[in-house]
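A.B. asks: Dropping the structure in here first, questions after.
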Amino acid sequence: MRRVKVGVIGLGFIGPVHIEALRRTGLAEVVAVCAAKSEYESAKKKAAEMGVPKVYEDYTQLLADPEIESVHICTPNNLHYQIAKEALLGGKHVVCEKPLALELEQCDELIALSKKMGKVCAVNFNMRAYPVVQQVKSMIANGDLGEIFSVNGSYTQDWMLLDTDYSWRVDPKFTGDTRTVADIGSHWFDMMEYICGMRVNAVCADFATFYKVRKRPLKPVETYSGKLLEPGDYEEIPIKTEDYSSILFHMGEKVHGTCTTCQTMAGRKNRLYFEIAGSKAMVAWDSEECEKLWIGHRDRPNESLINDASLMYREAGAYTSYPGGHAEGFPDSMKHHMMRIYDDILNASGASHATFEDGKRELEICSAVYQSVIGQKWVEL
Ligand SMILES: NC(=O)c1ccc[n+]([C@@H]2O[C@H](COP(=O)([O-])OP(=O)(O)OC[C@H]3O[C@@H](n4cnc5c(N)ncnc54)[C@H](O)[C@@H]3O)[C@@H](O)[C@H]2O)c1
């Protein structure tokens with residue numbers, strides 16, 4: 001079978017996850033990678049370890065490589081728009097990490113360009129592709145929960161718990177106006193709209209920045225491992241982006257909901273959680289125990305479904321590759337999302353994956369949340 005030739009830009013956390021997932025699809029071959037110029041030497045080392053033949057010093061060189069048909073953008077947020085635009089103008093398919101851009105107008109421009117160039121354009125909302133999440137989508141579509149009353153949940157992490165925790169993600173220049181909402185809330189809202197088949201139409205949000213100042217280490221963090229930072233090891237940086245958000249929202253015609261996003265909750269490593277309550281039944285899912293779906297009933301014992309294609313709706317079972325009891329997690333959600341994107345690229349199949357339009361939608365929600373905080377009021381979408 002023909003494999004699409006791919007270039008991956010950005011080799012931090014998520015770039016290598018894309019490379020591994022693409023290999024597992026069997027539909028794509030990563031032929032080149034690129035990181036920041038200052039990381040060229042470590043990019044060469046990583047490429048050698050991952051067996052990727054070409055390493056470029058600058059992303060424009062990768063985009064100019066005629067062998068590359070599809071480009072994955074795995075850089076900090078502020079570069080997504082520019083790289084996506086140049087990639088499309090160069091005739092490449094584009095798979096962009098979230099958020100698609102920092103401004104709504106940039107999303108409009110990219111959507112128009114993708115249509116003009118006739119290329120497949122995806123945003124990596126991979127968390128849609130957990131099998132149990134797909135099961136909830138099918139349950140809602142088939143009326144198993146009845147009329148939806150409420151949608152509640154959170155996306156919480158602890159990697160910013162200490163004032164010495166620092167990343168480009170705290171700086172609006174790189175991350176955009178919001179941090180936790182854009183970084184992790186975007187997955188939560190994308191998932192809720194996708195599985196409920198309804199749109200959020202109003203939000204009212206409250207933000208907190210627990211550390212008004214963070215300590216940015218002056219050398220790579222490994223240099224300090226095992227000892228406390230001394231003054232002189234770091235510089236103090238004022239923080240404007242939120243560590244925490246609470247968001248009230250309305251969805252569809254009747255649904256009321258709440259979402260909390262936070263990166264300073266000790267012990268929550270990477271936990272997307274939701275509870276969807278309907279007139280017949282309720283479901284709850286926790287991404288840190290992603291194999292399980294809790295199903296609540298009023299008139300009979302509650303149930304616990306373990307990911308198993310033979311026990312799920314057929315379309316949800318299509319998102320699982322192993323027999324029940326063989327746990328599938330985050331890397332598998334990446335594989336299943338990429339399988340559909342590359343099926344679309346190879347066969348123009350229109351397979352279900354998150355698109356640039358979905359990327360724009362998330363920015364609309366993030367912008368409304370931010371406007372709500374600034375104006376201290378409900379904002380309609
Ligand atoms: N879908 C998900 O679940 C998920 C998970 C993590 C991150 N992300 C998204 O992926 C993106 C990257 O996040 P990360 O955690 O991997 O960040 P990271 O800081 O670990 O890695 C960023 C990479 O971008 C490279 N880079 C920076 N400037 C560059 C330039 N000018 N040209 C080429 N490469 C450049 C860096 O060298 C580094 O390799 C973010 O937009 C983030 O929102 C998505």
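The values are calculated or read from the model by the stated rules, or taken from the named source; none is laboratory data. Predicted model only: the values in this text are computed from it and were never measured. Virtual Cβ from ideal backbone geometry, glycine too; neighbours counted across all protein chains shown.
A.B. asks: With respect to the numbered conditions (1) buried (at least 18 other Cβ atoms within 10 Å of the Cβ); (2) closer than 15 Å to Lys92 by Cβ, which one is the sole condition not fulfilled by Ala21?
C.D. replies: (2)
A.B. asks: Let me ask you something else. Would you check if Met127 is within 11 Å of the ligand (Cβ to nearest atom), crowded, with 22+ Cβ neighbours inside 10 Å, not polar (S, T, N, Q) and not in a loop (DSSP other than H, G, I, E, B)?
C.D. replies: Yes: the conditions hold for Met127.
A.B. asks: Given (1) in a loop (DSSP other than H, G, I, E, B); (2) away from the ligand (no atom under 11 Å from the Cβ); (3) at pLDDT 95 or above, where does Ile19 come up short, assuming only one miss?
C.D. replies: Going through (1) in a loop (DSSP other than H, G, I, E, B); (2) away from the ligand (no atom under 11 Å from the Cβ); (3) at pLDDT 95 or above one by one, Ile19 breaks only (1).
A.B. asks: Confirm whether Ser246 is assigned to a strand (DSSP E or B) and in contact (Cβ under 8 Å) with a residue 40 or more places away in the chain.
C.D. replies: Yes, satisfied.
A.B. asks: I would also like to ask the following. How many residues are part of a helix (DSSP H, G or I), in contact (Cβ under 8 Å) with a residue 24 or more places away in the chain and more than 12 Å from the ligand (Cβ to nearest atom) if we restrict to region 22-47?
C.D. replies: 3
A.B. asks: Could you identify the single residue in Tyr273, Tyr319, Tyr342 that is at pLDDT 95 or above, of a type in the set (Phe, Trp, Tyr) and either in a helix (DSSP H, G or I) or farther than 30 Å from Glu147 by Cα (or both)?
C.D. replies: Answer to the check: Tyr342.
To keep it simple, each residue is scored yes or no on (1) free of Cβ contacts under 8 Å to residues at least 40 places away in the same chain; (2) within 16 Å of the ligand (Cβ to nearest atom); (3) outside any helix (DSSP H, G or I).
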position	(1), (2), (3)
Ile140	no, no, no
Asp144	no, no, yes
Ser150	no, no, yes
Trp159	no, yes, yes
Lys173	no, yes, no
His187	no, yes, no
Ile195	no, no, no
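A.B. asks: State whether one or more residues within region 70-90 are more than 30 Å from Ser367 (Cβ to Cβ), more than 22 Å from the chain's Cα centre (by Cα) and more than 13 Å from the ligand (Cβ to nearest atom).
C.D. replies: no
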